[in-house]
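Every number here is computed from the coordinates shown, using simple stated rules; none is lab data. Keep in mind that what you see is a predicted model, and the values were worked out from it rather than measured. We place every Cβ from the backbone using ideal geometry, glycine too, and count neighbours over all the protein chains shown.
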Amino acid sequence: MTKTALKDFEALLERHRLKKTAPRLKVLSMLAAKNVATSQPDLEGVMNDIDRVTLYRILSAFEEKGIIHKVFDLNGTANYAMCSSNCGENHHHDEHLHFNCTSCKNVYCLDDLDLHGIDLPNGFKLDGFTLYATGLCPKCSKAVSKNNSKQFN
């Protein structure tokens, strides 16, 4: 972790009134370094020095404070990704497309897509929404295309 990243993570924890502990900083570093949402079991696999209960508590605190958000993969497993700066305590603004790759099973948060508002019938009040899509990510799509072209050569 670079000194700049460490200072950014420390400031993030301070802004959310959380103690700056080594396990919290390590979890933030791991999640921020990934371009896909990550499950608790996957984090446990690379963080041998943080026990399961501590990791669960860290993820729960981060989710509650609006630092990370939870998204489910195709198997119903909770995965976690960094929130945007718009998220706050007990109120997430993760209304973006969550793309589940059916081949590599990665979950991508596609924040840059323009999603128009939802017109609900009278009497409904929208607090948020989750949008999922399935298919092939660019890496898997490219691999399938490559394999298909080899079959015809």
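Every residue, every condition in (1) under 25 Å from Ser141 (Cα atoms); (2) touching a strand residue (DSSP E or B) at 6+ places or on another chain (Cβ under 6 Å), yes or no:
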site: Ser29; (1), (2): no, no
site: Ala37; (1), (2): yes, yes
site: Tyr80; (1), (2): yes, yes
site: Glu89; (1), (2): no, no
site: Cys104; (1), (2): yes, no
site: Gly117; (1), (2): no, no
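If you scan the stretch 103-147, which residues turn out to be of a type in the set (A, V, I, L, M, F, W, C) and under 22 Å from Lys70 (Cβ atoms)? Of everything in the stretch 103-147, those that are of a type in the set (A, V, I, L, M, F, W, C) and under 22 Å from Lys70 (Cβ atoms) turn out to be Cys104, Val107, Cys109, Leu110, Leu113, Leu115, Ile118, Leu126, Phe129, Leu131, Ala133, Cys137.
Of everything in the stretch 100-131 that's in a strand (DSSP E or B) and in contact (Cβ under 8 Å) with a residue 60 or more places away in the chain, which residue is farthest from Cys83 (Cα to Cα)? In this case the residue turns out to be Val107. Scanning the stretch 31-59 for residues that are among the hydroxyl-bearing types (Ser, Thr, Tyr) and under 11 Å from the mean Cα position of the chain (by Cα) yields Thr38, Ser39. Can you say whether Asp42 is surrounded by 15 or more Cβ atoms within 10 Å (Cβ to Cβ), closer than 19 Å to Ala78 by Cβ and charged (D, E, K, R), as far as the supplied structure shows? Criteria met by Asp42.
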